[in-house]
Each structure stands twice: as structure tokens, then as C-alpha cells.
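So the structure is just underneath, and the comments pick up after that.
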Amino acid sequence: MTDLRRPELMKNYEPAAVEPRIYAQWLAAGVFHEEPDPARPPFIISMPPPNITGRAHIGHGSTYTPMDSLTRYHRMLGENANWIPGQDHAAIATESVVVRELAREGRTRESLGREAFIARVWEWRAQYGGIIDEQFKALGFGPDWERERFTLDPGLSAAVIRVFIDLYEDGLIYRGTRLVNWDPKAQSTLSDAGRRDRDDAARNDVRRCRRRCPSRRRAVRWAHRPQRDFTARPARHSGDCRHRRRAQFRHGRGEGDARARRNRL
């Protein structure tokens, strides 16, 4: 006699016990993969590539969920829908991670040498670069994993270089002098996203005017403002005896202060 009793349902839903099995079935069936088909209208979305050093966060969820939903929707409409995934090499962030690993080993990138350091970075990418992809799979995202690209893949990298050269030769992009965020330790520039701003209270450094007026020893103050570190000119204090003597010498006694003020305006 066949036992028709239903299996007992779990008291609580356990995603880890169900969803990986279903996702593996999707991958085995190739439901996310499409081949070019002129008979069907194409619908293609390129995934903004996450950094290989990154981990999935709410920003990825809010950006990729609409892409995933739209791709599935157009696939159900019968279109040749495909969501192309990728990864960004995140040069500065990846270098920082590998440099910290070398520091724990008592080595530096300079002591390792350029070629050995690049090889070490590729080893790190092979070991840890797929973590964020596994997180996306756990979230149920459905890009065409067979078409995943990496920004340093030989063909893709060569195409990017060719485009930048063409844009430069056509005068559409150019090099110019700009204020940049400089990292003195990494000896490289940083984007605004990699910069951490810090507010410092301004301070006044007090110096004594001993050389020109040793008897009176008036204080000369330089106002140090952190946001203006690119200038080396100190602010003159109105009580500086050297400033007072120069004004008297140039404009004559009595009218020197008024003329100095008028000239400054």
C-alpha cells in the first residue's frame, strides 16, 4: 500500500536548504544564457561591474534588482534578453589589500619587484575575486554567468586602450593640470570616493619679533588654516613692528595707515 502522507513541513523556512538547490537547477538548465537570434528582438543590459575587492551591499541590491527583473520580464515576452555581468579590477583598492598582506609577511611591493607583485595580485584575484559573485548567486540574481568579463581581460583591456587613444587623437579628451587627491604612501592619485575628509580646528602659531625690535618683542602671528595648505604665505599681524615701520617709511607719518588701507582697497 502506498503511503500517501505528506512530508512534514519545516516549522521555519530555511533559505540555505532550498534556494541553492533551485539556483543550481537554473544554471544547469541555462535559463540565464542566450545566443544571438535574429528572429527575436534583443534586450541587453550590461551590469555595472562591482569591484573584486567589494562585498555585496544595499547599493548592489538596489541597482541590480531592477536590472534582473527587467531582464526576466523581457525574456518572458519572448525577447532575446541577456544581462551581461562583469568585474572591475579596482586597481588602487586591490593594491592596498595586497600591500597589507605583504606587510603582515614583513615584505613590501618594492622589495618584491614589479613582475612578482603583479603575479601576486593575479593570485589574489583568483582566490578572492569570486566572493562577490557567490553573494550575488545567493541573492538569486540571474545574469549570464557564461559571458562574465573582467576589466583586465586581454581583449577587453586592449579595446579600452584603443578607444581612449582614438578619443585623445580626435581631441575629445585631453590632459590638463588639475588639483588631485594624492596619497603620499601609495604614491598615486585617489578619486573623491577614496578620500576621507577631516575637519581640523584652525590654530595660531605665535612667533616673537626679536631681530628687528628686540626691546618691544611684539608677537607676530601666522594664521594656519588647514584648507589653505597650498599657500606658504603667512598672514601679517597688525601689531608686527616691521609692518608698522614699513608703512611709515612708504607713506609718511600720520597718513601711512589711511593710505595703506586705501591702497589695499
Inset, instruction - All but one of (1) part of a loop (DSSP other than H, G, I, E, B); (2) at pLDDT below 90 hold for VAL31, so report the exception by its number. - result: (2)
Inset, instruction - Return the pairs, sorted by first residue and then second, in which the second residue is small (Gly, Ala, Ser), the first residue lies in segment 117-146 and is on the phi > 0 side of the Ramachandran plot, the beta carbons are less than 8 Å apart, and the residues are 6+ apart or on different chains. - result: none
Legend entry - Test for ALA39: is it without any contact (Cβ under 8 Å) to a residue 60 or more places away in the chain and in a helix (DSSP H, G or I): no
Inset, instruction - Can you confirm whether segment 91-103 contains a residue that is more than 21 Å from the chain's Cα centre (by Cα), surrounded by 12 or more Cβ atoms within 10 Å (Cβ to Cβ) and closer than 23 Å to VAL160 by Cα? - result: no
Inset, instruction - Could you check, for segment 142-150, whether at least one of its residues is in contact with a Pro (Cβ under 9 Å, 6 or more places away or on another chain), assigned to a helix (DSSP H, G or I), closer than 19 Å to ILE45 by Cα and among the aromatic types (Phe, Trp, Tyr)? - result: yes
Legend entry - One residue from LEU139, LEU167, LEU156 being within 24 Å of ALA81 (Cβ to Cβ) and not assigned by TED's automatic domain parsing to the domain that holds PRO48: LEU156
Legend entry - All positions within segment 58-90 that are in a helix (DSSP H, G or I), at pLDDT 95 or above and either crowded, with 16+ Cβ neighbours inside 10 Å or not polar (S, T, N, Q) (or both): TYR64, PRO66, MET67, ASP68, LEU70, THR71, ARG72, TYR73, HIS74, ARG75, MET76
Legend entry - Answer residue from segment 135-179, given it is of a type in the set (Val, Ile, Thr) and farther than 30 Å from PRO20 by Cα and is surrounded by the fewest Cβ atoms within 10 Å (Cβ to Cβ) among those: THR177
Legend entry - Residue, farthest from GLU148 (Cα to Cα), within segment 104-132, restricted to residues that are over 21 Å from the mean Cα position of the chain (by Cα) and not in a helix (DSSP H, G or I): GLY106
Legend entry - segment 95-116 residues that are more than 18 Å from TYR128 (Cα to Cα), paired with ones that are of a type in the set (Phe, Trp, Tyr) and buried (at least 17 other Cβ atoms within 10 Å of the Cβ) (beta carbon under 6 Å, 6 or more apart): ARG109/PHE117
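The values are calculated or read from the model by the stated rules, or taken from the named source; none is laboratory data. Remember, predicted model here, so these are calculated numbers, not experimental data. Backbone-built Cβ (ideal geometry, glycine too); neighbour counts: all protein chains shown.
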